[in-house]
Amino acid sequence: MTGPEVGIGVVGYGMTGRAHSYAYTAAPVMRALGCRPRLRLLSGRDQEKVARAAAAYGFDGWVDDWRELVTSPDVHIVDVCTPPGTHAEIAAAAAEAGKAVICEKPLAVTYAQAAGAAGAVRRAGVLNAVGFNYRRLPAVSLMKRMVDEGAVGEVRLWRGIWVSHEFVDPSIPFDWRFDRAVGGSTIADLGSHLVDMALWMVGDVAEVTAQSETFVRRRSDPTGGTLDVSVDDASSALLRFESGARGVLEVARAAVRRPCDFMIEVNGDSGTLAFEYARLNELLYGQGADPPALYGMRRIRAEHESHPYARSWWPIGQGVGYGASFVNHLGDLLERWPAGPWEPDFGQGAAVQAVCEAIERAAAERRWVSIAEMLLDGV
């Protein structure tokens, strides 16, 4: 590694904090960077757990108050990996302290919060990015490139589905994931990834309509009582894009034997592209101009060195996994340190949040909701 050292502070030591910490360690191993990331501080409220995590992940030290991390002179980049309801406050404080900020998705639990965070980094003039890491899977990036190159023609339809079994068991006790003010809705948690990919590939959404359901409405709490669940177990939406294309989105955490399955598909007037996370190194492509005898979808192994990110990984046939998406994402940001720009940035994260909140409102009020309505309300 060459170049200046960049101090990294990660707020939150759970699965996402662990994934980001791994990525900072692996990125300079897998690709040439102009800087040297150093894991300086990890923060978390439980001193015993955060101390153990800091040692395991390779941090120089730890703190039990994120404010101490944000103001530390050793930290240049603050990476926020806490529950969504805390994102906007921490990100704004980091920006005020003059630090570059990377925030996990969703940027916030409301559009007003997300817009506030975007305003904070804009006023401070600091680099900022949102953790939409699935953009950086080679097959998904190849899908985007092929759409841009006209491989499917004019986009007519987009669909995205993300289902998991996370909330299936009614005996799972109440925690922050079931409190919308802290964990956000399933629409925002899972759906933000899908909405980001939709905006990235197809363009702005004009309006939405939706439905939502919470099947287990109360969960047990540690005191022996029960608490109301304010998060949807499952939601689905219809989207109308500004371009005239149409879309379908479904998210659920109530799908038995679905651990973390998502798919995205784009249908144009001359072709189709489809991605399934269970086969994340592959992309399906069907071209309308193919001879009838070849009717169907061809399977592209998105591992050739001509494909996005593949050159930085293993020889074709070996594949990459979940962790590679974080390495690619954070590697891209570090590669552009300190001049930038970084993307997707907080402005894009706020745009995603506006669509998610429009879907929430449409489901609650049983009507079509325009994104313009959300933007006006968020001012």
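Gap in Å between the Cα centre of the stretch 77-151 and the Cα centre of the stretch 228-284? So the two Cα centres are separated by 21 Å. Taking a ≥ b ≥ c as the square roots of the Cα gyration tensor eigenvalues, the stretch 243-285 comes out oblate, since a/c reaches at least 1.5 and a/b does not exceed b/c. Scoring 305-311, 148-154, 228-234 by mean Cβ neighbours within 10 Å over their residues and listing the highest first yields 228-234, 305-311, 148-154.
Other residues with beta-carbon under 12 Å from the beta-carbon of residue 97 carry, at +1 per Lys or Arg and -1 per Asp or Glu, a net charge of 0.
Put a dot 7 Å past the Cα of residue 306, heading toward its Cβ, do the same for residue 270, and the two dots end up 1.8 nm apart. Under the shape rule built on the C-alpha gyration tensor, where the axes satisfy a ≥ b ≥ c, the stretch 68-183 is oblate, since a/c reaches at least 1.5 while a/b does not exceed b/c. Computed over the stretch 265-379, relative contact order equals 12 percent, with contacts defined as Cα pairs under 8 Å that lie 6+ residues apart.
Could you work out the relative contact order of the chain, using alpha carbon pairs under 8 angstrom and six or more residues apart, expressed as a whole percent? Averaging sequence separation for qualifying contacts and normalising by length gives 21 percent for the chain. Local charge sum around residue 47 (other residues, Cβ-Cβ under 15 Å, Lys/Arg +1, Asp/Glu -1)? Taking every Cβ under 15 Å from that of residue 47, the sum is -2. Less than 5 angstrom separates the built amide H of residue 36 from those of 5, 6, all sequence-distant by 5 or more or on a different chain.
Sort 326-336, 252-262 for me by packing, meaning the mean count of neighbouring Cβ atoms within 10 Å per residue, highest on top.
326-336, 252-262
Taking the Cα centre of the chain as origin and assigning +1 to Lys and Arg Cβ atoms and -1 to Asp and Glu Cβ atoms, the resulting dipole is close to 600 debye.
For the stretch 1-125, the carbon plus sulfur part of the accessible surface works out to 50%, probe radius 1.4 Å. Starting from the Kirkwood radius over alpha-carbon pairs of the stretch 1-117, derive D by Stokes-Einstein at 20 °C in a medium of 1.002 mPa s and give it in µm² s⁻¹. Rounded to a whole number, D works out at 151 µm²/s.
Of the peptides 168-180, 265-277, 350-362, the order by per-residue mean of other Cβ atoms within 10 Å, starting with the highest, comes out as 350-362, 265-277, 168-180. Using only DSSP helix segments of four residues or longer, with each worth -39500 (n - 2.57), what per-residue ellipticity at 222 nm results for the chain after dividing by its residue count and rounding to 500? After summing the helix terms and dividing by the residues of the chain, the value is -10000 deg cm²/dmol.
Tell me the Kirkwood radius of the chain: reciprocal of the mean inverse pair distance over distinct alpha-carbon atoms, in Å.
For the chain, the Kirkwood estimate is 21.5 Å.
Taking Cβ atoms as reference points and 15 Å as the exclusive limit, the residues near residue 283 contribute a net charge of +2, counting Lys and Arg as +1 and Asp and Glu as -1. Where a ≥ b ≥ c are the square roots of the eigenvalues of the C-alpha gyration tensor, would you call the stretch 218-310 rounded, which needs a/c under 1.5, or, failing that, prolate if a/b is larger than b/c, or oblate? Judged from the Cα gyration tensor, the stretch 218-310 comes out prolate (a/c at least 1.5, a/b above b/c).
Ordered from largest to smallest accessible area (heavy atoms of protein chains, 1.4 Å probe), the residues 227, 284 come out as 227, 284. Once the mean of 1/r is taken over each pair of separate Cα atoms and inverted, the stretch 281-379 shows a Kirkwood hydrodynamic radius of 17.7 Å. Averaged per residue, the chain has 44 square angstrom of accessible surface, using a 1.4 angstrom probe with ligands and nucleic acids left out. The GluC sites (Glu not before Pro) found in the stretch 183-253 that occupy coil by DSSP, while having at most 16 further C-beta atoms within 10 Å, are 242.
Short-range pairs are left out: with C-alpha atoms under 8 Å and at least six residues apart, the relative contact order of the stretch 66-215 is 23 percent.
The values are calculated or read from the model by the stated rules, or taken from the named source; none is laboratory data. None of these values were measured; they are calculated from a predicted model. When we count neighbours, we look across all protein chains shown, and the Cβ atoms used for this are built from the backbone with ideal geometry, even at glycine. Remember, those area values only see protein heavy atoms, side chains included, never the ligands or the DNA or RNA. Shrake-Rupley method; radii C 1.70, N 1.55, O 1.52, S 1.80 Å.
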